[in-house]
Amino acid sequence: MVLSIYVILSVLCFIGFSSYKAWKYATMPMHSRLDLYPVPKEAGRAEYGGSYYEETEWWAKPRKVSHLGEIKDMLMEMLFIKKLFQNQRKLWWPSYSFHLGIYFLFAWTILLVISVAWPATFIVYLTSFVGIVGFILAFVGNVVLLMHRVFEQDLKKYTTPQEYFNLILILAVLVTGIYAWSGSMISGQAGQTVGQLISLQALEVGPALTIHLVLLGFMFFYIPLSKMNHYIGKYFTFHKVLWDNDPNLPGSKVEQDLQEAAANPPKTKWSAPHMNEGRDLNA
Amino acid sequence: MRKSADLKPNDISKPVDQLIQVDSLKTLPGPYSKDGMEPDFTEPKEAWKSKYCTSLDGFVGIDTLVRPSSPEEEDEFVRKFISGLEKVFADSNNNFLQPVQLTMDYCAKCNTCSEACHVFEATNHNELYRPIYRSEVLRKIYKKHFTTSGKLLGSVVGADIDVNWESIARLGELAYRCNLCRRCAQTCPLGLDNALMAREIRKIFSQEMGIAPTPLHTKGSMLQLQTGSSTGINKAALLDMLEFIEEDIEEKTGRKIKIPMDKKGADILLTHNAGEFMAWPENPAAFAILFEEAGLDWTLSSSMIGYDNVNYGLWYDDSQAKKVALQQFQAAKELGVRRIIIGECGHAHKAAAVSADRMTSGDNKVPVESFLPLLWELVETKRLKFDPEKNNFPVTLHDPCNFVRQMGIVQPQRNILKAICPQFREMTPHGVNNYCCGGGSGFAIMQSQNFAEFRNKVSARKKFEQIISAFGDEFENPDIIKYVCAPCSNCKGTIRDMFEFYEATAKFNVHYGGLVELMVNALVSQKEPFLTFEEDEF
Ligand code: SF4
Ligand code: SF4
């Protein structure tokens, strides 16, 4: 029971902390534009990196925005880690294996819940298959990434102990998971444990699964507090910074936001002498 | 002295004379692959060492960063930097807070961005110039001073760095070894921006510590705010120069043109980088010829800053950028023009159209456009008539980072060149994947001590390589005139110095210039060649 509550609480914390982090970023003040092309929402121009600035009197013409283009790019990044594929194939293999494995393990968790409610044979088999593939991909990816970091000088000198810890923590969760679940995954009994867990019953688990669940819970607490929460940051870096090229035209949302921001001028002032000359343009 | 391969971020505080040396440079192609084709670096002189911070890599970028004369001054310097760093993450930096915080928080240290950097590549991967090196130093200082984990866990979370005069001064210098071209940011899987980090360091130095290279600040944005132009040209001098340009136009082309000045209610306010009036008057002249021939309703402005579209604040100081940008909008407002068209200056494009876009709103603003779509429209609609045969020599195009990668203006310039230059060829890579000319972010005008050598041999190296390669076998043939079209004042300045340094014009007949000059040269109505490829042609 305690273990069930612990695991459920850790998942709730994962969601809660992640949402808080996202909210913190979302409520940050509007920033200066930092467009960087290609911007995928530029309809008809994204392919070569063009923008509305290629038009005369762009400010008087309707803007052509392709949300589909943006979603497509986002999906390519989420599903295939496209930028890394294009720019550093060597690390893409392990990184993709690792992330894909995690996606599979997410799917496995959902399937486990489904299999509790609907224990059809094919669901149970599918669940086991997805789980096994997930563990293998994530494990292999994690180990290879770790090896790169340990043996390559260029990566090693920038890696902090905490960053090794991050990889090792996940590795520990994966290894204990493989060890603890392997039997029940093949026999299809993992669903029972999940059933006990979500119904807050006492878990009938051995020491291996206990250790695994303790580590798993800790990982869920820890990820949103560490920089491994880049699933949040990445949304903002692309959508709210590099691809945010919405012009400040009269009547636009940008203009409205800026006017609201102007009502709360910054209080902290910079100190160099020229900062306080002429009009007060601090910040 | 350390070998650069061993260099780690926390070595920035190492008590050595010079952290690294640029001991290896990428071999250039063509005739420049032979030894002795380029001058060597000048070793830092003893007098520089005792006055400036030469202890990073032996170059002096910040001529106002002088060594302290007492321990108190030393402490004050460090204290100010830390207080500035705090302000980067406070409401004093609202305009950049979100992007800076994101880059500070999320770097995965995957080094995907390294290969994109032309400075890193030019030095055969000198560790000091890896895009994340300076970011990581800043990250360590930030963690050490401003995060709970850094204070409690120290080196475990990477907060292992000694903060002293030398390390901060070196970091300041290092912020001026990046062209802020943002090519690295294009490749980052997490969308992080190491150029932004370099700029934030410059910002702390300027906005908090009052330290910035003289050509950017005292003789740059300050001079512009005081006199109207960073060149020091005031209104009277401007009017004289325009008169001179009008006379030259007549002498050279037979056209009698009165350049419209302060015309109220004109459709277009054309703004130039004022450096053009002095260094390349043929450029504003060519604009005047094209605009008059097309019958556009346009004007120049003679009011404060209205005639100089540069905005050096973009490179180091938000408040200077804002002061200049607002004054430029003001000049356009006074004239009641419909739109501002920015001439051939890359950073002026970005400053006025993108960076200043959210500095003010509504009635304080005037729409900003690039000259490129307008000119392409004149070509496409045949409002101007060209004879491409007049430009029948090899031409390649340099894409200025500021309006290509950072504004998405890619096609109009190549459409024009394809229409008027039969031997146009692209550089590799080009468009939004272009490389910086090496003069970006102020390098083009920074000449202190041996800094120009860093630009010519290191930061501009990749561009020179691209230029040589773009002309292939023709490069070495001095009988063939070759033209690098660089539609940006700063890029032109860099390429001018590059060609002088490598004696490329003298030895291989390779020239540089803007786009409008090529256009005028190909005008059907132009009797004599506008481009003569002689010194002082205008
Ligand atoms: S912005 Fe350009 S010069 Fe600076 S680190 Fe990135 S690629 Fe290199
Ligand atoms: S590519 Fe991005 S995440 Fe990777 S090292 Fe560079 S800045 Fe950091």
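Here are the numbers:
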read-out: At least 50 Å² accessible surface lost relative to isolated chain, residues of the stretch A:32-74 (1.4 Å probe); value: A:32, A:33, A:34, A:36, A:37, A:48, A:53, A:54, A:56, A:57, A:59
read-out: Hull volume in cubic angstrom per residue (convex hull over the Cα atoms of chain A); value: 214 Å³
read-out: Helical mean residue ellipticity (222 nm; -39500 (n - 2.57) per DSSP H run of 4+; nearest 500) of chain A; value: -21000 deg cm²/dmol
read-out: Interatomic Cα distance distribution for the stretch B:4-208, bins of 5 angstrom, percent; value: 1, 7, 14, 19, 20, 17, 11, 6, 3, 1, 0, 0
read-out: Listed residue pairs exceeding 31 Å between alpha carbons, taken from B:264/B:390; A:240/B:109; A:156/B:34; A:267/B:350; B:109/B:462; A:21/A:156; value: B:264/B:390; A:156/B:34
read-out: Average silhouette area of the stretch A:183-283, convex hull of alpha-carbon atoms, in square nanometres; value: 13.7 nm²
read-out: Proportion of all alpha-carbon pairs of the stretch B:446-538 beyond 22 Å (%); value: 32 percent
read-out: Evaluated over the protein assembly as shown, the Cα radius of gyration and Dmax, each in Å; value: 28.9, 98
read-out: Angle in degrees between helix B:318-335 and the longest Cα principal axis of chain B, rounded to the nearest 10; value: 20 degrees
read-out: Helix B:461-471 vs. chain B, principal-axis angle (Cα, 0 to 90°, nearest 10); value: 30 degrees
read-out: Angle between chain B longest axis and helix B:71-88 axis [Cα atoms, degrees, rounded to 10]; value: 60 degrees
read-out: Probe 1.4 Å, protein heavy atoms only - accessible area per residue of the protein assembly as shown in square angstrom; value: 38 Å²
read-out: Beta bridges by DSSP in the protein assembly as shown, antiparallel share as percent, to the nearest 5; value: 15 percent
read-out: Cα-based Rg / Dmax (Å) for the stretch B:360-441; value: 15.2, 47
read-out: Segments A:165-176, B:451-462 sorted - mean Cβ within 10 Å per residue, highest first; value: B:451-462, A:165-176
read-out: Viscosity 1.306 mPa s, 10 °C: Kirkwood-radius Stokes-Einstein D of chain B over Cα pairs, µm²/s; value: 66 µm²/s
read-out: Exercise: per-residue mean of other protein chain Cβ atoms within 10 Å, B:177-190; value: 4
read-out: Distance (nanometres) between label positions extended 7 Å along Cα→Cβ at residue A:8 and residue B:278; value: 7.5 nm
read-out: Relative contact order (percent, whole number), the stretch B:220-522, Cα cutoff 8 Å, 6+ residue spacing; value: 16 percent
read-out: Coordinate range along principal axes, alpha carbons of the stretch B:288-421, Å, largest first; value: 48, 30, 22
read-out: Carbon plus sulfur fraction of accessible area for the stretch B:194-329, probe 1.4 Å, in percent; value: 53 percent
read-out: For the stretch A:1-94, average projected area of the Cα convex hull in nm²; value: 10.1 nm²
read-out: Rg/Rh for the stretch B:220-522, where both radii come from Cα atoms and Rh is the Kirkwood radius; value: 0.95
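The values are calculated or read from the model by the stated rules, or taken from the named source; none is laboratory data. Note that this is a predicted model, so its numbers are computed, not measured. Positions of Cβ are generated from backbone atoms using ideal geometry, with glycine treated the same way; all protein chains shown enter the neighbour counts. Quick note on the areas: whole protein, heavy atoms, side chains included, nothing else; ligands and nucleic acids left out. Shrake-Rupley method; radii C 1.70, N 1.55, O 1.52, S 1.80 Å.
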